[in-house]
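The values are calculated or read from the model by the stated rules, or taken from the named source; none is laboratory data. Quantities reported herein were computed from a predicted structural model and do not represent experimental measurements. With ideal geometry, Cβ positions are generated from the backbone for all residues, glycine too; neighbour counts draw on all protein chains shown.
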């Protein structure tokens, strides 16, 4: 980018990714002020000691957003929801807000927008290989609220950018792990799978492929995209492809603690989808459906065009595990409300102690796949 004097505005900066993005831009150029938007002042503690200008603004409040963008030349829109409910709010935040962000940028004279999208917007990988940025999204959608809303939001932002003359670059992180900027805070959505396992609250996983990326690498990917990303292009900011059973085995080894886990086949997503349509209250249906597809990705384009380089997986997992163990040791989760996950995980642990999981292990061996960790 040319002309580095203008400020940078980061939406969603009180979130897991957004806080790291704000910190990365602050560290990259001390003379270039970073402005962050917030809705709840208490959540600004996520930014710890980062020197930013905070402006109260909701992405759906045009006047507040125009105030936040005054004097800026770059908008980094990280605000989003990784959730399955409430459905309307998730859709508005992920599918509608990105276009609004580009419209506000155009009105405020901000010529470039870096959008935090997701590999979910690209869709599951084709059989037998990792997906890239040219992967065709399923024509009828995936039927998953998060993936479909992220795809719609990214598409709408690109259209708005072309219509309004704003340079829009999309950053597509894969599954993000690592510790938050403020280590005293409990985990955000993507890291909770590690925390739940370490606390004995994870009953099962789906043994499909995922791609794990470090939150620090995601922040760096945003910075690189702001400088070298081509308008109208998306960049996968990923790390390492492996199965969820491999991820949890490494987490258990690093933590020095093990809890039994049921390992579901990817085909379990079909049954979960049917139960959801029948409104049968078995949890976690949406989690099973979201975990089941093949989420393998290649970051070759980001490496080639942006100079992106992800760090080793072992570093990311160790920092995530160490941070959660610190929180557990400090009693940060004492008194947490029990939910259906706890009950299911308790049943799995009791079944393991009673030897009831042995037949499952034997059946898995006969079937040639792992059904229990």
Next item on the list: Select, from 253, 234, 227, 289, the only residue that is at pLDDT 90 or above and within 18 Å of the chain's Cα centre (by Cα).
Entry: 234
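Every residue, every condition in (1) surrounded by fewer than 21 Cβ atoms within 10 Å (Cβ to Cβ); (2) at pLDDT below 95; (3) at negative phi; (4) part of a loop (DSSP other than H, G, I, E, B), yes or no:
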residue	(1), (2), (3), (4)
49	yes, yes, yes, yes
59	no, no, yes, yes
65	no, no, yes, no
82	yes, yes, yes, yes
88	yes, no, yes, no
Notebook entry, point to check: Is it the case that the range 267-286 has a residue that's surrounded by 14 or more Cβ atoms within 10 Å (Cβ to Cβ) and at pLDDT 65 or above?
Noted result: no
Note to self: Of all residues being surrounded by fewer than 23 Cβ atoms within 10 Å (Cβ to Cβ) and touching a residue at least 40 places away in the same chain (Cβ under 8 Å) in the range 297-307, which is nearest to residue 121 (Cα to Cα)? Just the residue, please.
What the structure shows: 298
Next item on the list: Give, as residue ranges, the strands (runs of 3 or more DSSP E) completely inside the range 171-259 that count at least 2 residues that are under 20 Å from residue 311 (Cβ atoms).
Entry: 175-177, 209-214, 234-237, 240-243
Notebook entry, point to check: Can you pull out the residues in the range 175-184 that are over 14 Å from residue 216 (Cβ atoms) and buried (at least 19 other Cβ atoms within 10 Å of the Cβ)?
Noted result: 175
Checklist line | Candidates 119, 110, 102, 50 - the one that is closer than 12 Å to residue 9 by Cα and in contact with a strand residue (DSSP E or B) (Cβ under 9 Å, 6 or more places away or on another chain) | finding: 110
Check: For the range 29-47, which residues satisfy the criterion of being assigned to a helix (DSSP H, G or I) and either buried (at least 17 other Cβ atoms within 10 Å of the Cβ) or in contact with a strand residue (DSSP E or B) (Cβ under 6 Å, 6 or more places away or on another chain) (or both)?
Finding: 44, 46, 47
Next item on the list: Considering only residues that are assigned to a strand (DSSP E or B) and under 15 Å from the mean Cα position of the chain (by Cα), look in the range 116-170 and name the one that is nearest to residue 225 (Cα to Cα).
Entry: 170
